[in-house]
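Notes follow once the structure below has been shown.
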Amino acid sequence: MALLEVKNLTKNFGGLTAVSDVSMELEKSELVGLIGPNGAGKTTLFNLLTGVYEPTEGTIVLDGEKLNGLPPYKFAQSGLGRTFQNIRLFKDLSVMDNVLIAMGAKKKKHFLATFLRLPAFYNQDEDLRKNAVELLKIFNLEDKTETLAKNLPYGQQRKLEIVRALATNPKILFLDEPAAGMNPQETAELTILIKEIQEKFDITVLLIEHDMGLVMNVCERIYVLEYGRMIAHGTPEEIKNNKRVIEAYLGGEA
């Protein structure tokens, strides 16, 4: 059984079908790309896979657990972490607080210790802070712990979003256009980082990205959407030479 099994997923908005009969599988510890022209339905599919939208039809099964109908926080608790196409940090909170909030699900509920401020409360808080710093070090953000998220440069805000997603301890990390707005040097650094994340944390990564250089360099397999339908699936080399994919991006006989 695949780690994530998606079968015949469909999402209708009134008379508009944004995602139609999509099936896909993600195995443990692999790096997979999801590409397609603008308006293909990629972010809508991400929203379905992370509980933001409920499918009109089809099933989503993570590690044997059916997730249909659950609220987004249950998807996160089950092991699905994500970033967003448009950055959604808590901008008026510090870098450290952004990460600690994401780690909230890991906290053991010691109500008496919390109420009385016993050592168990402070020990747990200190452990979480140490774990947060270790995550931030991977992205060279450990010296920004007290900086407000809104005061970080754009590229570092993107990185903080990935740190926050990793802080939920996901089985699968969904990255929605992580290189959007980055310059070539930042994109090159991100390419290396994504590979390192996948290997270091031994997690599955599903990546939406318009930068084809990044996709082709990091992904083992690629799915292609067009008008909400899956039109191709294969290795980067197979996708690069797929006539149907070339037509979707360039049109006609191109």
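All of the numbers you see were taken from the coordinates with simple rules; none came from a lab. Every value quoted in this text rests on a predicted model; they were computed, and no experiment measured them. Heads up, the Cβs are rebuilt from the backbone with ideal geometry, glycines too, and the neighbour counts pull from every protein chain shown.
Observations, loosely collected:
- For THR59, neighbours were defined as the other residues whose beta-carbon sits under 10 Å from its Cβ, and their charges (Lys and Arg +1, Asp and Glu -1) total 0.
- Neighbours of LYS150 by Cβ distance under 15 Å: Lys/Arg scored +1, Asp/Glu scored -1, total +2.
- Rounded to 10°, Cα long-axis angle of helix 119-138 versus longest principal axis of the chain: 40
- Diffusion constant of the chain at 10 °C, which comes from Stokes-Einstein with the Kirkwood Cα-pair radius and 1.306 mPa s, µm²/s: 82
- Pairs spanning more than 23 Å between alpha-carbon atoms, out of LYS91/LYS171; LYS171/LYS200; LYS150/LYS200; LYS7/LYS200: LYS91/LYS171; LYS150/LYS200; LYS7/LYS200.
- Calculated log₁₀ intensity ratio I(q)/I(0) where the Debye formula runs over C-alpha points of the stretch 28-85, q = 0.23 Å⁻¹: -1.05
- LYS7-GLU134 pseudo-label distance in nm [points 7 Å out on the Cα-to-Cβ vector]: 3.8
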